[in-house]
Amino acid sequence: MPPNTPVSIETRALGTLAYIRSSIELSGSMVVPGTAGVLMGSIGILAAIVASTPRWAPHWLSIWVLAGGTAFLVGGALMAREAAQSGHARYLGPVRKFLLCLCPALLAGAVLTFVLWHAGMEKLLPGTWLLLYGCAVLSASTVTIPSTMRLIWIMGTLFVILGSLGFALPPAAHTALLGLGFGALHIVFGILIGRLSHAE
């Protein structure tokens, strides 16, 4: 288009509407940093390695509970920093929606952890953790930014599949399954989300 060619009012209006729509979508959505997934996954891999050693294998439950709490704090801190940098700290709408989607299933997992442990049914915990975490991620994916929503949804679906497998596989395979889920899946999708974010 020549430099002196006038731009029609309709073109300007459509451009303005597209910008407003994009701003509204982003202001109501949560940005999930890829680094959070990578660091949480690294904690999961470390937990799987420690829990698989003969010396620490009897303490696998304590190891994974500690790893889960640590990963939750690390991931939460990185997401809070991302929200502050993107301006979401000025209003809590996206953060509140994300937590309301994520936390109910995680709270259910915490309650069931105590119930199953007290009942002596620890072998059901890996499948329960993976399944409920997958449900939490699937729910939370609906309030993330459009560019990463599909990746987060896929990750949640894979967690649900792994959780279902956890109920069918023998206990000897549970540490590897937990490492695959909370470790490898977090790292792989953290890298993918990070690359997608940098490409935009």
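Considering (1) at pLDDT below 95; (2) buried (at least 20 other Cβ atoms within 10 Å of the Cβ), the lone condition that GLY76 does not fulfil carries the number (2).
Give the residue that is farthest from the chain's Cα centre (by Cα), with candidates limited to residues of the range 139-156 that are closer than 16 Å to LEU196 by Cβ and outside any helix (DSSP H, G or I). Among residues in the range 139-156 that are closer than 16 Å to LEU196 by Cβ and outside any helix (DSSP H, G or I), the one farthest from the chain's Cα centre (by Cα) is ILE145. Say whether the condition of being crowded, with 16+ Cβ neighbours inside 10 Å, more than 24 Å from PHE167 (Cα to Cα), modelled with pLDDT under 95 and touching a strand residue (DSSP E or B) at 6+ places or on another chain (Cβ under 8 Å) is met by at least one residue in the range 97-110. Within the range 97-110 (the criterion being crowded, with 16+ Cβ neighbours inside 10 Å, more than 24 Å from PHE167 (Cα to Cα), modelled with pLDDT under 95 and touching a strand residue (DSSP E or B) at 6+ places or on another chain (Cβ under 8 Å)), the answer is yes, since at least one residue qualifies. Quick one: in the range 130-182, of everything that is of a type in the set (Gly, Ala, Ser) and under 22 Å from GLU82 (Cα atoms), which residue is surrounded by the fewest Cβ atoms within 10 Å (Cβ to Cβ)? Ranking the qualifying residues of the range 130-182, first place goes to SER147.
This table checks each residue for (1) over 26 Å from MET79 (Cα atoms); (2) part of a helix (DSSP H, G or I); (3) touching a residue at least 40 places away in the same chain (Cβ under 8 Å); (4) not β-branched (Val, Ile, Thr).
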site	(1), (2), (3), (4)
LEU130	no, yes, yes, yes
GLY166	yes, yes, yes, yes
HIS174	yes, yes, yes, yes
ILE193	no, yes, yes, no
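Close contacts from the range 99-123, counting a first residue that is of a type in the set (Lys, Arg) and a second that is not in a helix (DSSP H, G or I), with Cβ to Cβ under 9 Å and a gap of 6+ residues or different chains, come to LYS123/PRO170.
The values are calculated or read from the model by the stated rules, or taken from the named source; none is laboratory data. Because the structure is predicted, anything quoted here is derived from the model rather than measured. So basically every Cβ, Gly included, is an ideal-geometry build from the backbone, and we count neighbours across all protein chains shown.
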